[in-house]
Amino acid sequence: MKLVIDIGNTLAKLAVFEQDNIIDYLIEKEINDEKINLFILKYEIKSVIISSVRGNETFKMLKKYKLLHFSSVTPVPFKNCYHTPETLGLDRVAGVVSAMQQFNNSNVLVIDMGTCITFDFITAKKEYLGGGISPGFEMRFKALHHFTGKLPLIEYDKTQNNIIGKSTVSSIISGVYNGVKNEVEGTIQQYISQYPDVKIIVTGGDKKRFDLEPKNRIFADEFLVLKGLNEILNYNDKIK
């Protein structure tokens, strides 16, 4: 069995894999040696991969396992055409690996609706070309409050989500919600216009808020990054 650890901007996610299947997972805001140990206590873990966007996280209890710290120099099963690979988010790389595994020999667009909204494109020839980054859903509420003198910091309220906002709060909700939805759907259409056969995978905590079009082209996968990290661990085991 393998342990996969993904430490993101907001949450830390852990999963135990048996071959390519997730048999248990844990989501926490913060993790430490004690939490990790309790989570895997009943499993016979053989190897571990850890990925962190916060820096080079170290946990003493992981030293007894075969450990892979995922970084920009870790071998991955695609050609990286990004001009600055050392700045490419590790979660973006893992998402692409998982998408490529699910849709082999296909053009794939990965959309991660998390702290930021990221778009990542890999071709049927397994060439990663890049994508886009924009502020995430919650970040937009915070930005409106932080960079203005009078706009309040609000939390999303579905009951006040109307195209015509009739108060400052509902106007902010309308602007943020429809701004994100139109941005994502518009970007999807741009990719479809260039790559008509493109497959689209959406992941991230905010994906559940949106009913995106075109429905027949979009696949949701909440464990996309974890699956990608597991595949990267498998790949590195094979080439060593």
For residue 213 and residue 104 in the same chain, what is the full-extension length gain: residue separation times 0.36 nm, less their Cα-Cα distance, in nm? 36.9 nm
Dividing the Cα convex hull volume of the chain by residue count, how many Å³ per residue is that? 148
List, largest first, the extents of the alpha carbons of the range 142-206 along their principal axes, each in whole Å. 45, 23, 20
About its Cα centre, how strong a charge dipole does the chain have in debye, to the nearest 20, once Lys and Arg get +1 and Asp and Glu get -1 at the Cβ? 200
What's the percent breakdown of Cα-Cα distances in the range 80-191 across 5 Å bins, shortest bin first? 2, 11, 19, 17, 15, 11, 9, 9, 5, 1, 0
Need one number: the % of Cα-Cα pairs in the range 1-69 sitting beyond the 16 Å mark. 40
With each label point set 7 Å from Cα along the Cα-Cβ vector, what nm distance links residue 60 and residue 133? 3.4
Computed FRET value (nearest 0.05) for residue 159 with residue 73, which takes r as the C-beta separation and R₀ as 45 Å: 0.40
Ratio of the range 36-126's C-alpha Rg to 2.2 N^0.38 Å, to two decimals? 1.25
Give me the percent relative contact order of the chain, please, defined on Cα pairs under 8 angstrom at least 6 residues apart. 20
What are the ³J(HN,Hα) values, in whole Hz, obtained from phi via the Karplus relation 6.51 cos²θ - 1.76 cosθ + 1.60 with θ = phi - 60°, for each residue of the range 17-26 in sequence order, with x given for Gly and Pro? 10, 10, 6, 9, 10, 7, 9, 6, 8, 9
Rounded if a/c is under 1.5, else prolate if a/b is larger than b/c, else oblate: which is the range 131-240, with a ≥ b ≥ c the root eigenvalues of its Cα gyration tensor? prolate
Normalise the Debye intensity by I(0) for the range 113-177, one equal point scatterer per Cα, no solvent, then take log10 at q = 0.13, 0.22 Å⁻¹ and round to two decimals. -0.47, -0.89
Order of 226, 153, 11 under a 10 Å beta carbon neighbour criterion, fewest first: 153, 11, 226
Plugging the Cβ-Cβ distance of residue 150 and residue 190 into 1/(1 + (r/R0)^6) at R0 = 30 Å yields, to the nearest 0.05, a FRET efficiency of 0.30
So what is the calculated 222 nm ellipticity per residue for the chain, using -39500 (n - 2.57) for each DSSP H run with n of 4 or more, over all residues, to the nearest 500 deg cm²/dmol? -10000 deg cm²/dmol
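Quick note: the coordinates plus some simple rules give every number you see, no bench work behind them. The shown structure was predicted, so the numbers you read here are calculated from the model rather than taken from an experiment. Neighbour counts run over all protein chains shown; Cβ positions are idealised from the backbone, glycine included.
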